[in-house]
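Take a look at the structure set out below.
Read-outs: derived from the displayed coordinates by stated rules, not from any lab. Note that the coordinates shown come from a computational prediction; the quantities given were computed from them, not determined experimentally. Please note: Cβ atoms are built from the backbone with ideal geometry, for glycine as well, and neighbour counts cover all protein chains shown.
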Amino acid sequence: MIYVIRHGETDLNKIAIMQGGGTNPPLNELGHKQAFERGQTLVNLGIEKIYCSDLIRTKQTADEMNKSLNLPITYNSLLRETYYGIMEGKMESVINSNPALRAICDAIDNGDNDAHFKDGESRNMSASRFVKFLKTLDDKTKNLLIVTHGGILRNYLKVYGNIDFKVSNCGGASFDLDKNLCPINITLIGKARE
């Protein structure tokens, strides 16, 4: 079973700033608490190894969870958040005041997995990067923990699992992989983000 968990809260999450693969804020106090508590829920699942995005918010999340798990951590840049191009580091509210940006979001919401912000990644690109990471795993049948970001996990689940789940901080999903690295036996972890 693979357990994929989004990082804990950052101050940019609180004020709805788009933080993709090119934005690197740390966790805030609540984010550290969320991560530690999530780690405690994973203790008896037989997890053997942790893989983690190399951005600070995921590293701090993995470190907090690892206080309960005490496992080796491997960092990988393929697990970084979807890159949002011209929207990196900008308020999400900017989208609603710009018809061109709103049209891109509407296209994505309506199933266009190739739509993306200028200089950014599409849903397909982000999901394919996650699959590229999965291909690097030596034993895909082991119980593994992947600490990553909400966007890349959401994109993978949507493109390869046909599930659209807005992942909350320290939420995520568990699943097995079929021979094509698609998620099967999916269980969602935590509440959906609004």
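In table form, for the structure just shown:
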item	result
Contact order relative to length of the chain, as percent, for alpha carbon pairs under 8 angstrom and 6 or more apart	29
Spatially close lysines, pair count over the stretch 35-194: Cα under 21 Å, gap of eight or more or interchain	24
Antiparallel %, DSSP beta bridges [both residues in the stretch 2-189], to 5	50
The chain, helix-only ellipticity at 222 nm - DSSP H runs n ≥ 4, -39,500 (n - 2.57), divided by all residues, nearest 500	-11000 deg cm²/dmol
Extended-chain gain in nm, criterion 0.36 nm per residue less alpha-carbon gap, Asp164 and Arg102	20.4 nm
Percent of alpha-carbon pairs separated by more than 30 Å within the stretch 2-189	15
Gain on full stretching of the segment that runs from Thr136 to Asp119 - 0.36 nm per residue minus C-alpha separation	3.5 nm
Extended-chain gain in nm, criterion 0.36 nm per residue less alpha-carbon gap, Asn110 and Leu30	25.5 nm
Distance between modelled label sites at Glu92 and Asp54, nm, 7 Å Cα→Cβ extension	2.8
Simple label model, 7 Å out from Cα along Cβ direction - Leu71 to Glu194, nm	3.3
Peptides ranked, highest mean first, by Cβ atoms within 10 Å: ranges 157-164, 57-64, 171-178, 7-14	57-64, 7-14, 171-178, 157-164
